[in-house]
Amino acid sequence: MEKISSVSMKSAIKNFFLLGFTLLSSVTFAQNKMQSLNELINQTDPAWPLVQKWVDSAKNKVQVLEFDSAEAKNVLFNTQVSTYSTLGAVIYNSGGIMVDDGWLRILGSGSKKLNRSVSEWNKGKTIQEYGDKPAYLLVADDAAGGFFAINYGAFGEDLKNVYYLAPNSLKWEPLGLGYSEFIRFCFDSDLSAFYKGLRWSTWNQFIANLDGSKSYSFRPYLWSEEGTDIEKCKRKLVSTEELFKFNIEKQKELSAKGTTESQ
């Protein structure tokens, strides 16, 4: 058997790693390949006319926020959803949607009153880079510090259903609704019943001029034993960004504590 020279061996190893890197790069590119804007804009059957009908017949107070068309295209591309879908239609045709004077904020492409777009809001939270496949996608939130997200595998097998990170439990709770059904729920359901225990008696006096990037933080925490009566809790306006990160960290702590106590 011929002895293989060290030069040949090094060359073979180098070629092997180069081949592996090339294959890995091609797989990564294939996973993150993004559809073009033309592919995402559905000209024949967009969902927005249907959403407009829902807005017009809404039982709750609904405000569709102004938007910049160039920014809407950018957000649509970064989110990688079609305007055939309700989510894509909301992004492409609105800066967001306010319900009940802004108590509930449905994210779109961003506006002065709701200075957060779907794509920008999720970057650094559910995705690292645009084009990544999220395990869940944040699509709405409320003034009480609750967050709504579409499940893409993080919460269970009911893919594309909406979950609610409730501020009084810090658990992702299934709503049993797809995104389109969630929009109808926001427009037409009894939100007072849904938010029972999360709205204080004079809440509506504080919401009309609320910045869509601010939410209320409560002390004692609503998820604590001492915070079960919201009328007795002190409230403070904080950045929605900071509140989301805080809630996620607290959720992890409580989950770890619960696991330890059950062992």
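For every residue, the table says whether it meets (1) within 14 Å of D142 (Cα to Cα); (2) touching a helix residue (DSSP H, G or I) at 6+ places or on another chain (Cβ under 6 Å); (3) open to solvent by 10 Å² or more (accessible area, probe 1.4 Å); (4) not in a helix (DSSP H, G or I).
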{"site": "F77", "(1), (2), (3), (4)": "no, yes, yes, no"}
{"site": "I91", "(1), (2), (3), (4)": "no, yes, no, no"}
{"site": "G110", "(1), (2), (3), (4)": "no, no, yes, yes"}
{"site": "L114", "(1), (2), (3), (4)": "yes, no, no, yes"}
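Which strands (runs of 3 or more DSSP E) sit wholly inside the stretch 134-183 and have at least 3 residues that are in contact (Cβ under 8 Å) with a residue 24 or more places away in the chain and under 21 Å from R199 (Cβ atoms)?
Because the criterion is at least 3 residues that are in contact (Cβ under 8 Å) with a residue 24 or more places away in the chain and under 21 Å from R199 (Cβ atoms), the strands (runs of 3 or more DSSP E) in the stretch 134-183 that meet it are 136-142.
For residues in the stretch 199-221 being hydrophobic (A, V, I, L, M, F, W, C) and assigned to a helix (DSSP H, G or I), which is farthest from the chain's Cα centre (by Cα)?
Here the residue is F206.
Take A144 and decide whether it is closer than 22 Å to K214 by Cα and crowded, with 17+ Cβ neighbours inside 10 Å. Lay out the reasoning, then the answer.
On the way: closer than 22 Å to K214 by Cα: yes; crowded, with 17+ Cβ neighbours inside 10 Å: yes.
Here the answer is yes, as A144 does meet what is asked.
From L87, L104, L23, which residue is hydrophobic (A, V, I, L, M, F, W, C), at pLDDT below 95 and surrounded by 10 or more Cβ atoms within 10 Å (Cβ to Cβ)? Quick ask: steps written out before the conclusion?
On the way: L87 fails: at pLDDT below 95; L104 fails: at pLDDT below 95.
From the options L87, L104, L23, the qualifying one is L23.
Report, by residue number, each residue of the stretch 189-212 that is open to solvent by 40 Å² or more (accessible area, probe 1.4 Å), closer than 20 Å to L107 by Cβ and at pLDDT 95 or above.
Scanning the stretch 189-212 gives a single hit, F194.
Taking the condition of being at pLDDT below 85 and β-branched (V, I, T), how many residues in the stretch 227-263 meet it?
Qualifying residue count, the stretch 227-263: 2.
Read through the list (1) modelled with pLDDT of 95 or more; (2) within 22 Å of the chain's Cα centre (by Cα); (3) at negative phi, then give the number of the only condition that K53 fails.
(2)
The values are calculated or read from the model by the stated rules, or taken from the named source; none is laboratory data. Keep in mind the model is a prediction, meaning the values are calculated, not measured. As a convention, Cβ positions derive from the backbone with ideal geometry for all residues, glycine included, and neighbour counts pool all protein chains shown. Just so you know, the surface numbers come from the protein's heavy atoms only, side chains and all, with ligands and any DNA or RNA stripped out. Shrake-Rupley method; radii C 1.70, N 1.55, O 1.52, S 1.80 Å.
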